[in-house]
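Reviewing the structure listed below.
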C-alpha cells in the first residue's frame, strides 16, 4: 500500500518537528515537507505536491485561510486540513469556504490525529454542529443550492449534533458513505462561496 | 333680582328687564307694578331662574382637569425616568458585553499558548513511547497518564473558553455543547447517548456565564457517573423550556443508585475512593443546582436506572 503523502505548514518549530517525526515514524504515512509559513509553501509545494496538506490557521504573514485559497488555485485536488487550537467557528468556517476539507484541533491525541488525517483523505472530516449550522445558512443564501437530498439530510443531522456513527445508523449508510457525502458537501461549499464572492464583487462594482 | 340685587330696582316705564353675565346659580326674578296713577298692585309676579353652569365651570370639571394635568405630568416624568433607566441599562449591558469580550480574549490568548504547549507534550510523549526500545508496560502506563492529563487540561481549557464566550449565550448552544461532550464520552462505549427536545427555539432562551458553567458541569458529572457506575445501555438527556421554567433530565437504564453511597449494589470501595467518592460528586451537583436557585432530584427509577432532574425558573435578565 502506498503511504499517504503529507506536507505541513506550522510556524511553531517544536510542533512542526514533532508532527514531522510522528508522520515519518508511522507506517502508512510519509512526510513530504514541513514549511514554517504560507509564502515558502506556495513557492515550493507545486514542485513536490503531497496528498494532504496540514495547515495552521494562525500564521505569521499570510494567514492559513488566505493560504488555502492560493494553494487550491495551484493544486485544486489537494486535500487541505486546517490545524487550530480552539474550534473557533468563524475562522474554521472561513477556511472551509476557502477550500479546506476539514479541520483538526491540535490538542487531539497524536493517534487520533493520524486517524483523522486518514479519514479526511478517504472522505470529509467531521463537522461540529455549530459549523454545520453556518454551512446550511450559507447554502440557504445562494439561490441555486445544488445539494442533493442526502447531503441536506446529513447536514441537518450534523446540525443537531449527531455523530458520524449516529448519522450512519439513522440513514442506514456505512460510515464511509457518510464520509464521501461530506467530502462533496465541502467541495460544494467551496464552489458556492466562490460564486457568492464573485456575485458580491460584481454587485459592489456596480453600486 | 334675588341673588343679584339686594333691593328693588325702579325701572320706570320700561316693560322689560335685562341681565347679562349672570354667574351660574339660582335666582328669583320678582316684579311689582303700578298703574297709571301710581297705585301698587297687590300681587307680585316671580319666576325662578336657574343658570346652569357650562361644563367647564363645574367643580367636577376642575377636579378632573387638575387630575389630568397631574397624571400627564406624572406619566411624562415616569417615561423620562424609564427612558433614562433603559438607556443606562443598555449602556451597562454593552459595557458588560465588552468586558466579557475582553475577558474572553485574554482567556483565549492564554489558551492559545497553553494549547501549543499541550500539543508539544502530547506529540513528544508519543514520540518517546515509540522510540524507547523494549518499553515496559509500567513505563507505557506512565506515559499514557502524562498524555491523558494534558488532554484533560486542554479539554477543560476549551470548556472554559466556551463558557466565557458571550456570543454563545443560549440554552441551545449549551445543549449542543453537552451533546458534543456526550457524543465524545460515549462514542467508544456500548452506551447509546441521545438528546431529546433540542430545537432552535432554545436559541431564544438566554443564559449567562454562571448558568452555562454550572449547568454544563452538573450534567457532565451526571454523564460521567452514568458511564462509570451505572452499567447502562442508554443515556438520554431531555431538555424542556416552557413558560420560563427550565427542566433538564438525564436518564439512564443502569443499576440505579445504591442507598447512600454511590451507584451499584456491589460497589467496590477502591473504585469509590478513586473517584473521590461519588457522594462528593453528587454533593457538588446539588451545590451547583442551589447556586442557580434550582431543584435537583436524583433518584433510582422503579424499573431500574437513574434519573437526574434539574428544574428552575429561567433567568429573565439575559442579554
Requested in this report: Among residues belonging to the range B:177-209 that are in a helix (DSSP H, G or I), at pLDDT 85 or above and within 18 Å of residue B:241 (Cβ to Cβ), point out the one that is nearest to the other protein chains (Cβ to nearest Cβ).
Outcome: B:179
Report task. Return the total of residues in the range B:147-171 being at the interface with chain A (Cβ under 10 Å from one of its Cβ atoms) and closer than 20 Å to residue A:159 by Cβ. Result -> 4
**Report entry** Condition check for residue A:83: within 14 Å of chain B (Cβ to nearest Cβ), part of a helix (DSSP H, G or I) and buried (at least 20 other Cβ atoms within 10 Å of the Cβ)
**Finding:** no
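Table: residues versus (1) surrounded by 15 or more Cβ atoms within 10 Å (Cβ to Cβ); (2) modelled with pLDDT of 80 or more; (3) closer than 20 Å to residue A:80 by Cα.
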{"residue": "A:128", "(1), (2), (3)": "yes, no, yes"}
{"residue": "A:143", "(1), (2), (3)": "no, no, no"}
{"residue": "A:147", "(1), (2), (3)": "yes, yes, no"}
{"residue": "A:152", "(1), (2), (3)": "no, yes, no"}
{"residue": "A:156", "(1), (2), (3)": "no, yes, no"}
{"residue": "A:164", "(1), (2), (3)": "yes, no, no"}
{"residue": "A:183", "(1), (2), (3)": "yes, yes, yes"}
{"residue": "A:200", "(1), (2), (3)": "no, no, no"}
Query raised in the report: Which one of these does residue B:144 not meet: (1) within 8 Å of chain A (Cβ to nearest Cβ); (2) under 23 Å from residue A:24 (Cα atoms)?
Result: (1)
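Suppose the filter is at pLDDT 80 or above, within 14 Å of another protein chain (Cβ to nearest Cβ) and over 24 Å from residue A:58 (Cα atoms); does residue B:94 pass it? First the steps, then the outcome.
Values: at pLDDT 80 or above: yes; within 14 Å of another protein chain (Cβ to nearest Cβ): no; over 24 Å from residue A:58 (Cα atoms): yes.
For residue B:94, the condition - at pLDDT 80 or above, within 14 Å of another protein chain (Cβ to nearest Cβ) and over 24 Å from residue A:58 (Cα atoms) - is not met.
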Query - Every residue from the range B:119-152 that is closer than 12 Å to residue A:110 by Cα and out of contact with any helix residue (DSSP H, G or I) (no Cβ under 9 Å at 6 or more places or on another chain) - result: B:148
**Report entry** Matching residues, the range A:14-37, being at the interface with another protein chain (Cβ under 10 Å from one of its Cβ atoms) and out of contact with any strand residue (DSSP E or B) (no Cβ under 7 Å at 6 or more places or on another chain)
**Finding:** A:14, A:15, A:17, A:18, A:21, A:22, A:25, A:26
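Within the range A:35-54, can you find the residues that are under 15 Å from residue A:117 (Cβ atoms) and either buried (at least 21 other Cβ atoms within 10 Å of the Cβ) or out of contact with any helix residue (DSSP H, G or I) (no Cβ under 7 Å at 6 or more places or on another chain) (or both)?
Looking only at the range A:35-54, we keep the residues that are under 15 Å from residue A:117 (Cβ atoms), and these are A:50-54.
Listed by number, the residues that qualify are A:50, A:52, A:53, A:54.
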Query - Where residue B:163 falls short, out of the listed (1) in the same structural domain as residue B:286 (by TED's automatic domain parsing); (2) crowded, with 16+ Cβ neighbours inside 10 Å; (3) under 21 Å from residue B:293 (Cβ atoms) - result: (1)
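For residue B:121, are the conditions met, namely being more than 23 Å from the chain's Cα centre (by Cα) and farther than 24 Å from residue A:89 by Cβ?
Numbers: more than 23 Å from the chain's Cα centre (by Cα): yes; farther than 24 Å from residue A:89 by Cβ: yes.
In short, yes.
For the range A:96-105, check the following and say yes or no: at least one residue is under 12 Å from residue A:8 (Cα atoms), assigned to a strand (DSSP E or B) and within 10 Å of the chain's Cα centre (by Cα).
So the first thing to find is which residues in the range A:96-105 are under 12 Å from residue A:8 (Cα atoms), and the list is none.
No: the range A:96-105 contains no residue that is under 12 Å from residue A:8 (Cα atoms), assigned to a strand (DSSP E or B) and within 10 Å of the chain's Cα centre (by Cα).
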Requested in this report: Restricting attention to the range A:92-102, report how many residues are within 14 Å of another protein chain (Cβ to nearest Cβ) and touching a residue at least 40 places away in the same chain (Cβ under 8 Å).
Outcome: 1
Report task. May I ask you to verify whether residue B:123 is assigned to a helix (DSSP H, G or I), surrounded by 11 or more Cβ atoms within 10 Å (Cβ to Cβ) and either within 14 Å of chain A (Cβ to nearest Cβ) or without any contact (Cβ under 8 Å) to a residue 60 or more places away in the chain (or both)? Result -> yes
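Residues checked against (1) free of Cβ contacts under 8 Å to residues at least 12 places away in the same chain; (2) part of a helix (DSSP H, G or I); (3) assigned by TED's automatic domain parsing to the domain that holds residue B:237; (4) surrounded by fewer than 16 Cβ atoms within 10 Å (Cβ to Cβ):
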{"position": "B:70", "(1), (2), (3), (4)": "yes, yes, no, yes"}
{"position": "B:76", "(1), (2), (3), (4)": "yes, yes, no, yes"}
{"position": "B:82", "(1), (2), (3), (4)": "yes, yes, no, yes"}
{"position": "B:127", "(1), (2), (3), (4)": "yes, yes, no, no"}
{"position": "B:147", "(1), (2), (3), (4)": "no, yes, no, no"}
{"position": "B:150", "(1), (2), (3), (4)": "no, yes, no, no"}
Report task. Return the residue satisfying two criteria in turn: it lies in the range B:219-261 and is crowded, with 20+ Cβ neighbours inside 10 Å and more than 24 Å from residue B:188 (Cβ to Cβ), and of such residues it is nearest to the chain's Cα centre (by Cα). Result -> B:246
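Return a yes/no flag: does the range A:38-47 have any residue that is in contact (Cβ under 8 Å) with a residue 12 or more places away in the chain and either within 14 Å of another protein chain (Cβ to nearest Cβ) or under 24 Å from residue B:129 (Cα atoms) (or both). First the steps, then the outcome.
Taking the range A:38-47 first, the residues in contact (Cβ under 8 Å) with a residue 12 or more places away in the chain are A:38-39, A:41-42, A:45-46.
Those still in the list that are either within 14 Å of another protein chain (Cβ to nearest Cβ) or under 24 Å from residue B:129 (Cα atoms) (or both) too: none.
Checked the range A:38-47: no residue is in contact (Cβ under 8 Å) with a residue 12 or more places away in the chain and either within 14 Å of another protein chain (Cβ to nearest Cβ) or under 24 Å from residue B:129 (Cα atoms) (or both).
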**Report entry** Of all residues in the range B:129-139 being surrounded by 12 or more Cβ atoms within 10 Å (Cβ to Cβ) and within 17 Å of residue A:22 (Cβ to Cβ), the one that is nearest to the other protein chains (Cβ to nearest Cβ)
**Finding:** B:130
Query raised in the report: Got at least one residue in the range B:103-112 being without any contact (Cβ under 8 Å) to a residue 60 or more places away in the chain and farther than 30 Å from residue A:107 by Cα?
Result: no
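The values are calculated or read from the model by the stated rules, or taken from the named source; none is laboratory data. Just so you know, these numbers come straight off a predicted model, no measurement behind them. With ideal geometry, Cβ positions are generated from the backbone for all residues, glycine too; neighbour counts draw on all protein chains shown.
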